[in-house]
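Before any comments, here is the structure.
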Amino acid sequence: MKTFRKAITLHTRQKHAYVNVTSDVQKAIDESGVREGLCLVNSMHITSSIFINDDESGLHQDFAKWLEELAPHDPRPTAYAHHRTGEDNADAHMKRQIMEREVVVAITAGKLDFGPWEQIFYGEFDGQRDKKVLIKILGE
Amino acid sequence: MKTFRKAITLHTRQKHAYVNVTSDVQKAIDESGVREGLCLVNSMHITSSIFINDDESGLHQDFAKWLEELAPHDPRPTAYAHHRTGEDNADAHMKRQIMEREVVVAITAGKLDFGPWEQIFYGEFDGQRDKKVLIKILGE
Amino acid sequence: MKTFRKAITLHTRQKHAYVNVTSDVQKAIDESGVREGLCLVNSMHITSSIFINDDESGLHQDFAKWLEELAPHDPRPTAYAHHRTGEDNADAHMKRQIMEREVVVAITAGKLDFGPWEQIFYGEFDGQRDKKVLIKILGE
């Protein structure tokens, strides 16, 4: 049995952004030497997400607008109970619940075992600072 | 360590449908010979889900109505930015975010290690065509 | 390869509650002897969740209010199709979809491999009775 760990750092220019990290994950699988196994990819922060969906910029605009409707950004101290702590990002914690913390993906013959359109994204909802993504691989 | 892979194909008659795949997953575990381990079950498509919830048709009606409220189907080209590509299914990508891509389930003594009501479902939000579900098992 | 299984029982005083189970999960990892691997933590019930987010009571108030807006509790028999079965908790099944069934976490050097604020929570949406959380560990 082999295990492998790698953390990558992202820093988005926008507060709300989507970054395709599929090739980073495949690179980690290559480095691990694992041919058959499972790969966990998770955000190490609680205001951002890892999810699998389409690499299409229009859809990402739709996601951003939709998440803003479901959990509006409102930095006022009275807008959310969480803001009594001095934070202004309660909405980002909610957006991350919709968009997931992590994905677990199959590794088959050394490759991400994906359907035709699956791509792994980092979803940032409170960015403009360094954030880490963890990749942990288990297999042989 | 053993690994096992199997893909199953579903084709729903309706655009929006829920299919209980629990026995397919247990069958794959039986075929794998794994007695203790983890089993990943994921949709290989980005407009459908794998999730665990109750096998109760009323609840499934409630889910369908609720998802339609949260992310309404609207095929018009101007309804979603994603539709500028010619697609008409932006809502299905959103519904799948709520209902998850995948589940990871424990295998104990060769069986799905489940609570009393847990059942695995394929949730289809843009169906009427062939879709694949991946089962990947790791254990011993 | 080692595998380890443990179930813990929770019983919340409120219908809707959040319980930090991080130390229970770390304790299970200690008991397993696994130094490198993956740890699945899932609710064994379909009206409660396991998720990772911030241990901040204001945020938990925000979550509760937000989930109530997205999927309102309404025990009337006509409020949800699921209630025709005699149940009154359709909303709890929906809240659990937003808040996830499970997390998969990395184990590195015998510890939960976490970012600075990650904590594991049990989210209860139909409590006041015994519920089980499953911890399954795979690694070496």
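The values are calculated or read from the model by the stated rules, or taken from the named source; none is laboratory data. Bear in mind that the values here come from a model prediction, so they are computed numbers and not experimental data. We place every Cβ from the backbone using ideal geometry, glycine too, and count neighbours over all the protein chains shown. Please note that ligands, DNA and RNA were not included when accessible areas were found on the heavy atoms of the full protein model with its side chains. Shrake-Rupley method; radii C 1.70, N 1.55, O 1.52, S 1.80 Å.
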### Query
Just to be sure, is B:VAL41 under 11 Å from the mean Cα position of the chain (by Cα), under 23 Å from C:GLU87 (Cβ atoms) and open to solvent by less than 10 Å² (accessible area, probe 1.4 Å)?
no
### Message
Given (1) open to solvent by 10 Å² or more (accessible area, probe 1.4 Å); (2) facing another protein chain (nearest Cβ under 8 Å); (3) more than 29 Å from C:ALA106 (Cα to Cα), identify the lone condition not met by A:GLY58.
### Response
(1)
#### Entry: Qualifying residue in the stretch C:107-126 (condition: within 7 Å of another protein chain (Cβ to nearest Cβ), of a type in the set (D, E, K, R) and free of Cβ contacts under 8 Å to residues at least 60 places away in the same chain)
yes
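Each row is one residue, and each column tells you yes or no for (1) within 20 Å of C:ARG5 (Cβ to Cβ); (2) in contact with a helix residue (DSSP H, G or I) (Cβ under 7 Å, 6 or more places away or on another chain); (3) modelled with pLDDT of 95 or more; (4) among the hydrophobic types (A, V, I, L, M, F, W, C).
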position	(1), (2), (3), (4)
C:VAL19	no, no, yes, yes
C:GLU31	yes, no, yes, no
C:LEU40	yes, no, yes, yes
C:ASP54	no, yes, yes, no
C:TRP66	no, yes, yes, yes
C:LEU70	no, yes, yes, yes
### Enumeration of residues in the stretch B:64-95 that are of a type in the set (A, V, I, L, M, F, W, C) and either without any contact (Cβ under 8 Å) to a residue 24 or more places away in the chain or more than 10 Å from every other protein chain (Cβ to nearest Cβ) (or both)
B:TRP66, B:ALA79, B:ALA81, B:ALA90, B:ALA92
### Query
C:ILE46: touching a residue at least 40 places away in the same chain (Cβ under 8 Å), away from chain B (no Cβ under 11 Å) and in contact with a strand residue (DSSP E or B) (Cβ under 8 Å, 6 or more places away or on another chain), yes or no?
no
### Summary
When the stretch C:21-38 is checked residue by residue, the ones that are of a type in the set (Val, Ile, Thr) and in a helix (DSSP H, G or I) are C:THR22, C:VAL25, C:ILE29
### Query
So which residues in the stretch A:90-109 are over 14 Å from the mean Cα position of the chain (by Cα) and open to solvent by 10 Å² or more (accessible area, probe 1.4 Å)?
A:THR108, A:ALA109
### Considering residues of the stretch A:6-35 that are of a type in the set (Lys, Arg) and more than 16 Å from A:GLU140 (Cβ to Cβ) only, the residue farthest from the other protein chains (Cβ to nearest Cβ)
A:ARG13
### Message
Can you tell me which condition A:THR12 does not meet? The list is (1) polar (S, T, N, Q); (2) without any contact (Cβ under 8 Å) to a residue 24 or more places away in the chain; (3) in a loop (DSSP other than H, G, I, E, B); (4) surrounded by 17 or more Cβ atoms within 10 Å (Cβ to Cβ), and all the others hold.
### Response
(2)
